[in-house]
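Participant: Take a look at this one; I'll ask things after.
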Amino acid sequence: MSINNALSNEPKNRVWNTALYIRLSREDGDKMESDSVKSQRDMLRDFLSKNPDLKYYDEYVDDGYSGTNFNRESFERMFNDIRNNKVNCIIVKDLSRLGRNHIETSKYIEIVFPMLKVRFISLTDQIDSYLNPQSINNVIVPFKNLLNDEYCRDISMKIRSSLTIKRENGQYIGSFPSYGYIKDPNDKHKLIIDEEAANNVRTIYKMFINGSSLRGIATYLNDNKVLTPSEYKRNKGYNDRHYSSHDKTLWDSIGIRRILTNQMYVGDMVQKQMEIVSYKVNICRSVDKDKRIVVKNTHEAIISREDFDKVQSLLNRDTRICTRTNTLDLFSGFCKCGDCKRGMNKKHIHQSYKDYYYYICSTFKKSGKNACTKHAIRVEKVKEVVFTLIKQYINIAVTMDNLIDFINNSAEKCKETSKIEKLLKDKIKERDDVNRLLNDLYPDWKKGFITQEMFLSLKDKYSLQKEEIVKCINNLENQIDAIKNGLTKENRFIENFKKYQNITELTRDIVVELINNIYIYENGLIEIEVKFRDEYLTALEYIEINKQLYINKEKFKNSQIAIVV
């Protein structure tokens with residue numbers, strides 16, 4: 001059935017049950033006044049009063065709904081009335097009020113309404129599918145729909161660009177900050193710490209680093225009546241539409257992991273983690289991590305970067321939970337078979353006088369001796385070896401710290417600095433003399449004191465000489481900086497090991513911070529791979545170089561730092 005004759009059989013004097021359809025959204029921008037609900041209502045009712053064949057049935061208002069899709073509450077109610085033969089005429093102010101998606105809008109005007117024998121009237125566009133069927137077929141109609149669509153696309157692009165600029169400037173643009181933060185009352189684009197919730201975040205990180213499992217942390221928080229992020233928001237009066245307002249929620253492993261992986265807690269603004277597919281498809285999708293917008297140090301941190309990195313490292317490890325205590329073993333995720341590199345399983349033997357715990361290769365346990373050997377070893381033996389080695393490294397770190405401090409403050413170093421500073425002073429004077437010669441060349445040539453050939457020759461000579469002097473000056477300045485500053489950067493090997501110099505027992509926190517892996521071989525051989533190898537070698541190289549440079553070597557004679565990390 002064509003649009004032209006869809007209503008041709010309708011009597012000319014029939015009465016139409018008319019729906020007044022009104023829509024307004026924020027996308028209308030500065031047109032909101034002219035397109036306001038009241039303005040549209042007045043125009044539609046005035047037209048209705050002048051046309052006795054149009055009988056008012058109901059008014060359908062979608063206030064705050066985008067025209068890019070037709071999932072609107074009042075539009076769906078109106079369409080349901082059309083299906084039930086209660087409405088057979090629709091009046092709108094203009095085509096953009098019906099919709100701004102040119103595909104969907106054209107479909108309703110050209111197919112759906114004619115098929116259902118619904119009269120469509122757009123006042124400002126002078127469209128009436130009953131009195132003037134050609135007004136629907138006019139080429140200007142789809143063109144106007146395209147313009148309405150383009151207007152919406154342009155607004156969407158401008159909004160997205162504006163939001164991107166704000167994100168890149170480190171401004172927070174979300175509705176609800178991460179649990180542990182609130183918006184600054186004086187600046188809604190800044191975040192400040194909510195201490196009540198932040199303390200719970202700190203507890204979660206501390207428990208996980210100390211060996212608690214995700215499920216164990218969730219159980220602890222639920223047992224202690226700690227409100228979940230959604231419950232906490234509701235309790236504080238925040239209206240978050242993403243959470244149910246009726247069902248009480250509980251902490252779970254997923255929620256704990258979400259907090260443990262949230263980079264916002266180290267003071268970085270992480271945004272654009274989700275995005276709308278397009279201005280026509282109002283569906284959110286996750287954004288790849290490398291495409292998210294991250295601005296560092298925009299707000300106060302709840303968790304130190306050091307602890308955050310520890311947690312990320314632990315989350316990537318294959319760990320096993322003790323079902324009896326709901327906690328992680330001291331070496332869970334660290335203890336591995338030296339041959340197949342798979343994790344070691346912890347086993348328990350109960351005897352009447354004592355309980356024994358030992359590790360066994362997981363590959364051997366699952367696949368038998370043809371896949372790998374047993375590699376069995378007592379847990380206490382591993383603890384003893386690891387604890388002894390850690391204490392040795394701590395002693396090395398303390399020794400290195402003392403030696404580097406001695407080097408950086410030695411008298412020999414001051415003498416060396418004075419010598420180089422004198423050379424530097426002479427080179428600077430030499431550079432200034434060459435500059436003066438270069439500056440005098442041009443006036444001498446202009447005055448006829450030297451020929452052009454001599455001018456060019458001397459200019460090349462002095463320029464090359466100056467270039468060599470400048471290189472020498474830069475080199476001397478670098479030497480002075482190196483001697484004065486010594487090992488200026490904080491050495492992570494020294495700092496991280498030295499802070500545990502008073503330990504009396506091995507804890508999971510120490511294992512997490514100082515050890516990469518523990519490899520177990522047959523016959524009880526244990527290989528321990530500690531962290532900060534590069535930093536150790538940097539400090540060792542600095543010490544070895546200075547042992548050759550300084551006359552006073554008494555401080556170095558009894559230094560034993562030859563353990564390779």
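Bear in mind these aren't lab numbers, they're just calculated from the coordinates by the rules spelled out. Bear in mind that the values here come from a model prediction, so they are computed numbers and not experimental data. Don't worry about glycine lacking a Cβ; one is built from the backbone with ideal geometry, like all the others, and counts go over all protein chains shown.
Participant: Using a cut-off of 9 Å between beta-carbons, work out the net charge of the residues near Thr373 (Lys and Arg +1, Asp and Glu -1, Thr373 not included).
Facilitator: Summing Lys and Arg as +1 and Asp and Glu as -1 gives 0.
Participant: What distance in nm lies between label points placed 7 Å from Cα along the C-beta direction at Asn137 and Ile503?
Facilitator: Reported label-point gap for Asn137 and Ile503 is 8.8 nm.
Participant: So what is the relative contact order for the stretch 119-253, in percent, with contacts set as C-alpha pairs under 8 Å and at least six apart?
Facilitator: 12 percent
Participant: Which aspartates and glutamates, on any chain, are close to Lys190 with Cα under 15 Å apart, when same-chain ones fewer than 8 places away are left out?
Facilitator: The reachable aspartates and glutamates, counting only those whose Cα sits under 15 Å from Lys190, are Glu168, Asp268, Glu300.
Participant: Apply the Karplus curve 6.51 cos²θ - 1.76 cosθ + 1.60, θ = phi - 60°, to the phi angles in the stretch 378-392 and return the couplings in whole Hz, x for Gly and Pro.
Facilitator: Each residue of the stretch 378-392 in turn: 5, 4, 4, 5, 4, 4, 4, 5, 5, 5, 5, 5, 4, 5, 5 Hz.
Participant: State whether the stretch 106-185 is rounded, prolate or oblate according to the following rule on the C-alpha gyration tensor (a ≥ b ≥ c being the square roots of its eigenvalues): a/c under 1.5 gives rounded; otherwise a/b larger than b/c gives prolate, and the remaining case gives oblate.
Facilitator: In terms of gyration-tensor shape, prolate.
Participant: Pull out a ≥ b ≥ c, the square roots of the eigenvalues of the alpha-carbon gyration tensor of the stretch 40-126, then state rounded if a/c is under 1.5, prolate if not and a/b is larger than b/c, and oblate in the remaining case.
Facilitator: rounded
Participant: Now for a different question. Assuming R0 = 35 Å, what is the FRET efficiency of Asp444 and Glu477, from their Cβ-Cβ distance, to the nearest 0.05?
Facilitator: 0.60
Participant: Please compare each pair in Lys374/Lys499; Lys347/Lys498; Lys289/Lys531; Lys38/Lys188; Lys347/Lys369; Lys427/Lys459 to a cut-off of 25 Å on the Cα-Cα distance and tell me which ones are over it.
Facilitator: Lys374/Lys499; Lys347/Lys498; Lys289/Lys531; Lys38/Lys188
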